[in-house]
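Nothing in this text is a laboratory measurement; each read-out follows from the coordinates by a stated rule. The structure presented is a predicted model; accordingly, all values stated were derived computationally and were not measured. No Cβ is skipped: glycine too gets one built from the backbone with ideal geometry, and neighbour counts run over all protein chains shown.
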Amino acid sequence: MIRLEYVYILAGLMFGAFSVQHALDRANPQRWRSAVFWGAYAITFLVGSHLPDTVNGVLVLVMVLLAGVGGLKPGAARSTSPEERQVSAARTGNWLFLPALVIPAVAVLGTLFLKYIKFDGVPLVSPAQVTIVALALGVICALIVGIVMLRPSLGAPLQEGRRLIDSVGWAAVLPQMLAALGALFAIAGVGHVVAKLVTDYVPMTSSFVAVSTFTVGMALFTIIMGNAFAAFPVMITGIGLPLLVTGFHGNPVVVASLGMLSGFCGTLLTPMAANYNIVPAALLELKDRYGVIRVQAATGGIMLVVNTLLMYFFAFRH
Amino acid sequence: MLVLSGVLVVIVGFAVGLNPLLVVTVAGFVTGIAAGIHPLAVLADFGHAFITSRYVAIVWLVVPVIGLLERVGLRERAQTLIANFHTATVGRLLLVYLLFRQITAALGLLSIGGHAQMVRPLIAPMAEAAAEKNGPLDEDTRMIIRANAAAADNIGAFFGEDIFVAMGSILLIRGVLQLNGINVQPISLAVWAIPTAVLTFLIHGARLLLLDRRLQRAREVRS
């Protein structure tokens, strides 16, 4: 059975290779900083599942201190010049898109069909992990196609991969850090305090006030947690079900569905949803860390109003 | 109330522009200590949650492939391709991508898009090329176009995925309602995601076409 652990080991080997490249990069005066950062990250993938939680915590702390105090410097990029790229792009033509399209093609086919492949009744891939394993398979296939097609030097994929990950830098680990913070918020009961504050101080006299409190509450709580999935259980059991469904006899299907979508509006507005908002800003080398959020803000705000109105008009029709 | 101090740390830290990794770590310790958890236990909680959420980082496996393709001119080729479409503009291109992303997400095919594998190598360079047909871009305009490419990917995914019945969010909604003694069919939840999906396309689509007009005006002012 292909388990997630194998994919993690693959990722660990890749980050380990990035770390070694930094260690060998004598041109960078801060090479050890980057080498230790990516090295610690590699360890969390290679053996993290077997280490005690505290040791993993220390690894995380080391990474945070390296990136947060002093910062990471990108290594020397040994890539091609814009002119060379124009020439090779003209030579290879539209075939260049093939490896890039292999990734989603294999990922989608894998997601759809991998779960049906069984040996002696045991599925090849555990159904819960099929999307991630399929993505990893897509990358491996694309890499094979790319290497056969382009015949690059042996180290080129890892060199270029390191160039790309250097442009992302610390933002690459931010989504995991935020997931960890979300877990701590949940343990400490932050959600229940927020839900209680809202219900204590907003007078729920009309169904419109109750609907708005629920949708805006979902969005605000998602902004804090960075994740609508974390906000939903708290807000639906705190406000949605007791007030809208039991109190005002709202349809639970409409309330729940549009409540979740109101949370997604919050996701568009928050740096806490790092993999959607901060990571792309780094990947696209934007000058403004919040550039993606600024562009999304108006759509997020309008859609929150739209969801609120939809819920108000349709939740109470029977 | 005291446990909200961590939230305050996040808001202030992000607003002041400190390194987010540092802000998040401090916020975690502040929250934990306010809730009466020993700092060492907070450290262990951090380690545990970091390890269990490693799956979000699997997307980085694509960087060697994308990097390799960029080395031989993938972005340049994407630009040539779009330069041959005379009717292509930034807004229209991103409008098509928004629709494509919404439809594929509604079919459960979320892994077709994404920032590392789709936006950086293909969509953003195409959008920039569509604008460059009318002359060179200044830095700020380029940044706005790139940010819009990322936004189209996010908005398309968020307001498409809930139409797919087996999506994580639909299953979560169903599970939470079930715990509270309410049984609903996933399909009925998914149906109620359709009005929002359609309105999102109309509203964000209109904003994308307005972006074209804004870029046009900026060009006229400069020339």
Among B:Leu172, B:Leu202, B:Leu74, which one shows the biggest mean-square fluctuation in a GNM of chain B, springs joining Cα atoms closer than 10 Å? B:Leu172
Within chain B, helix-based [θ] at 222 nm, where runs of 4 or more DSSP H residues each add -39,500 (n - 2.57), nearest 500: -22500 deg cm²/dmol
Roughly speaking, what is the centre-to-centre gap between segment A:111-176 and segment A:294-318 when only Cα atoms are used, to the nearest Å? 37
Restricting to Cα atoms and excluding each atom paired with itself, what does the Kirkwood estimate give for segment A:82-152 in Å? 13.7
Fewest Cβ neighbours within 10 Å first, please rank A:Met225, B:Met143 accordingly. B:Met143, A:Met225
Would you mind pulling out the separation of the Cα centroids of segment A:16-74 and segment B:12-72, in Å? 13
Any number yet on Rg/Rh for the protein assembly as shown, C-alpha, Kirkwood? 0.96
Residues of type aspartates and glutamates that B:Lys133 reaches as a straight line, Cα spacing below 18 Å, ignoring anything fewer than 8 places off in the same chain: B:Glu76, B:Asp212, B:Glu220
Taking the Cα centre of the protein assembly as shown as origin, work out the dipole magnitude from +1 charges on Lys and Arg Cβ and -1 charges on Asp and Glu Cβ, in debye rounded to 20. 740
Cα-based helix-to-principal-axis angle, B:194-222 vs chain B, degrees rounded to 10: 50
Rg to Rh, two decimals, where segment B:32-113 supplies the alpha carbon set and Rh follows Kirkwood: 1.24
Test item: A:126-132 mean partner chain Cβ contacts at 10 Å: 2
How much length is gained if the chain between A:Thr54 and A:Arg78 is pulled fully straight, taking 0.36 nm per residue apart and subtracting their Cα-Cα distance, in nm to one decimal? 4.8 nm
What whole-number volume per residue, in cubic angstrom, does the convex hull of the C-alpha atoms of segment A:213-252 give? 53
If amide hydrogens are placed 1.01 Å from N in the peptide plane, which non-local residues have theirs closer than 5 Å to the one on A:Val125? A:Ile2
Pairwise label distance in nanometres, B:Leu210 with B:Ile11, each label 7 Å out on the Cα-Cβ vector: 2.8
Mind ranking A:98-104, A:244-250 by how tightly packed they are, going by the mean number of other C-beta atoms within 10 angstrom, highest first? A:98-104, A:244-250
Placing each pseudo-label 7 Å from Cα in the direction of the beta carbon, A:Phe113 and B:Val165 end up separated by a distance in nanometres of 2.3
Two-decimal Rg/Rh across segment A:173-314, once Rg and the Kirkwood Rh are taken from alpha-carbon atoms: 1.01
Listing B:Tyr97, A:Tyr116, A:Tyr41 from the residue with the fewest other Cβ atoms within 10 Å to the one with the most, what is the order? A:Tyr116, B:Tyr97, A:Tyr41
Among the Cα-Cα pairs of segment A:4-68, the proportion with separation greater than 20 Å, in percent, is 28
Just to be sure I understand the curve: with the Debye formula and one point per C-alpha of chain A, what is log10 I(q)/I(0) at q = 0.14 Å⁻¹? -1.23
Which value, in nm² and rounded to one decimal, describes the direction-averaged projected area of the C-alpha convex hull of chain B? 16.8
